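In what follows, a structure is listed as structure tokens, so that the remarks can point back to it.
The values are calculated or read from the model by the stated rules, or taken from the named source; none is laboratory data. For clarity, every value in this text was computed on a predicted model and none was experimentally measured. Here the Cβ is made from the backbone with ideal geometry for all residues, glycine too, and neighbour counts use every protein chain on show. When the accessible area is computed, the model is the full protein with side chains, heavy atoms only, and any ligands, DNA or RNA have been set aside. Shrake-Rupley method; radii C 1.70, N 1.55, O 1.52, S 1.80 Å.
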Protein chains: 2
Amino acid sequence: MKLREVGEDALLASLLRDLPISHAVIAAAGDDCAVVESPGRKNLLVLKTDCVVDKIHFASATEPILVGWKAMMRALSDFAAISAVPQFALITLIVPAARSTSWVKKLYRGLRRAAARFDVSVVGGETSATRGPAAISVSVTGYVEKDRWISRSGGKKGDDLFVTGRLGGSLRGKHLRFVPRITESRWLTKNFRVHAMMDLSDGLGADLPRLAKASKLGFKIDMEKLPLSPGAKIENAISDGEDYELLFAIPPRNRESLQREWKQKFPKLRLTRIGSLNRKSQIANRKLPRGYVHFK
Amino acid sequence: MKLREVGEDALLASLLRDLPISHAVIAAAGDDCAVVESPGRKNLLVLKTDCVVDKIHFASATEPILVGWKAMMRALSDFAAISAVPQFALITLIVPAARSTSWVKKLYRGLRRAAARFDVSVVGGETSATRGPAAISVSVTGYVEKDRWISRSGGKKGDDLFVTGRLGGSLRGKHLRFVPRITESRWLTKNFRVHAMMDLSDGLGADLPRLAKASKLGFKIDMEKLPLSPGAKIENAISDGEDYELLFAIPPRNRESLQREWKQKFPKLRLTRIGSLNRKSQIANRKLPRGYVHFK
């Protein structure tokens, strides 16, 4: 069977399911990052790899500085997802010989600029030639305090569900310029008891069910409450993906203080309560002008 | 200028030279691995990324299990190079949709088998489609005790130079089946004061000058003493590359005990004294049957 018929996610899941996991590993494939315990340390080691490929994640003519920015920020967004602090990055460039050196230098400038934004040190790199399109793989390690690590699975029945920012339409430009919500995520876990969190990379329609399922719950959301990017429709917010916003679950008793303090701390970034975690899933206002939108 | 005209190594060096390095980073690009200090820890954090690309590092028809093995072992060989212990691996697969799922599964079996050989946990992975040839990127983190980390730069004048195993002809099969010299490297630093070490990946002719230069010394070697793989000639030992053997510098007062204890501990693996570190470089017997061989 060809790979295109199976789907990468399904295959990866099946490949990683069989892996022998040592005792030190407390979260691996399936959550946003791998999280590892080191004996005698109060912090957990966090590891994440991600890649962008020409013609898949960016158009060949895209400004290379933006390609580099995106390649780094995708991996860092997964640190935001679990409230971890990224520290060190390794970069693998797989580049056809026909690309110009100025393209590669600009790409690196984007990678570097993105890393510097969050005080991440680029400590190593490899390059390889290829006879195909360019690919950039970024691996990041960092840490999270044991009591501030947030997985997808800690959601409780009745928790409010919040999203940061606006959703949908990322391919019109945001996917190349987004800033992962690391500052916001760290602020949240410093000041509130967040139960479950993730970053929205595949669209709310794919990601929310993952968080709910990991927490062994359903969700109740009101489609008309979704915060939309300018020009985006509800189905874009559900299905487009690449929002790189946070989705998190938090007890409703924190609702008012969270909303008040958020507004003071991040006046330019919207925070929206889109619904709650529930025993059974329920979607309000699912009949929308352009019709029914599937939650996977 | 096109990338093919500059060369990847030169470009990578120039890219990484500009990187801002935080105080925690004690070795980065240019040595075999990145090595990082964490406050209050006795061990150093070690990070390495590497990749193999279809048609560059392996033929398209190569057994995928061997491709996976090589992809993992290349990164682990750099741990051997500095006497570090690998612990966690992240894998990025960039695979064309037309490859079969059985190819990918066998590839993963090779990756897994190689990781298990050294108790490395594969803690995360990403897959991406590509319209080009397959590429596999492997990032590994681990540790080394502060007093056992061996860089390339610690060689002293008069040190003996040793290599493990036999050199040359790796492309006839060894490059897909080698076992990195981690056990040997760890044994060396447990029992001897090794001054400088690296793994031979680009051929002795390229790698030995790197070690000597990092140690600010020259080298004196006898070409006729080089341990040759079956069927290999001296120029193969110098230039083929992909030997994945250790090259190390050690005080001559350890020579006899090293050779005696090595023979007991690793009776099947040759250890050869090929020369010494010197103020000035000197190559004995450089006029060979098939002519002059360049050291870069």
Determine ³J(HN,Hα), in whole Hz, for all residues of the range B:231-242 in sequence, where each value follows from phi through the Karplus function 6.51 cos²θ - 1.76 cosθ + 1.60 and θ = phi - 60°; x replaces Gly and Pro.
x, 8, 9, 4, 5, 5, 4, 7, 10, 5, x, 6
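What is the local net charge at B:S137, summed over the other residues whose Cβ is closer than 12 Å to its Cβ (Lys, Arg +1; Asp, Glu -1)? Mind dumping the intermediate values first?
Numbers: positive: B:K48, B:R74; negative: A:D50, A:E126, B:D50, B:E126.
Result for the neighbourhood of B:S137: -2.
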Residue of chain A nearest the A-to-B rotation axis [by Cβ], rounded angstrom distance
A:G132, 1
Calculate the mean, over all residues of peptide A:92-99, of how many other protein chain Cβ atoms lie within 10 angstrom of the residue's Cβ.
6
Taking a point 7 Å out from Cα toward Cβ as the label site, list the nm distances between A:L228 and the same residue in every other copy, smallest first.
7.6
Can you pull the mean other chain C-beta count within 10 Å for peptide A:54-65?
1
If you count, for each residue, the other Cβ atoms within 10 Å and average over each peptide, how do B:199-211, B:133-145 line up from highest to lowest?
B:133-145, B:199-211
Note: B:138-148 gets an average of partner chain Cβ contacts (10 Å, Cβ to Cβ) equal to 3
Quick one: accessible area per residue over the range A:102-148, 1.4 Å probe, rounded to a whole number of Å²?
35 Å²
Between B:K216 and A:A98, with labels modelled 7 Å along Cα→Cβ, what's the label distance in nm to one decimal, could you check?
4.7 nm
Dipole magnitude of the range B:67-179 about its Cα centre (Cβ charges: Lys, Arg +1; Asp, Glu -1), debye to nearest 20:
560 debye
Most to least packed among B:56-65, A:51-60 [average Cβ atoms within 10 Å]
A:51-60, B:56-65
Using θ = phi - 60° and the Karplus relation 6.51 cos²θ - 1.76 cosθ + 1.60, list the HN-Hα couplings for the range B:64-81 in order, rounded to whole Hz, with x at every Gly or Pro.
x, 5, 6, 4, x, 4, 5, 4, 6, 5, 4, 5, 5, 4, 6, 5, 4, 4
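State to the nearest 20 debye the size of the charge dipole of the range A:152-213 about its Cα centre, where the only charges are +1 on K and R beta carbons and -1 on D and E beta carbons. It would help to have the intermediate numbers written out before the result.
Working: 13 positive and 6 negative charges, 19 e Å.
Dipole size: approximately 100 debye.
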When the dipole is taken about the Cα centre of chain A, and only Lys, Arg (+1) and Asp, Glu (-1) are charged at their Cβ, what size is it in debye, to the nearest 20?
780 debye
Which distances, shortest first and in nm, link B:S281 to the matching position in the other copies, using label points set 7 Å out along Cα to C-beta?
6.5
For A:K70, which lysines qualify as cross-link partners when the Cα separation must be under 21 Å and same-chain residues fewer than eight apart are set aside?
A:K48, A:K55, A:K105, A:K106, A:K174
Cα gyration tensor of the range A:35-189 - equivalent ellipsoid semi-axes, whole Å, descending:
30, 19, 12
Run through the other copies and list how far each one's label point is from that of B:R253, in nm with one decimal, shortest first; the point sits 7 Å from Cα along Cα-Cβ.
6.9
Just need log10 I(q)/I(0) for chain A at q = 0.07, 0.11, 0.16 Å⁻¹, Debye formula, equal scatterers on the alpha-carbon atoms, no solvent, rounded to two decimals.
-0.27, -0.68, -1.41
Starting from the Cα coordinates of the range B:152-256, work out the convex hull volume and express it per residue in Å³.
95 Å³
Which residues qualify? For B:D159, with a placed amide H closer than 5 Å and at least 5 residues away or on another chain, they are B:L277
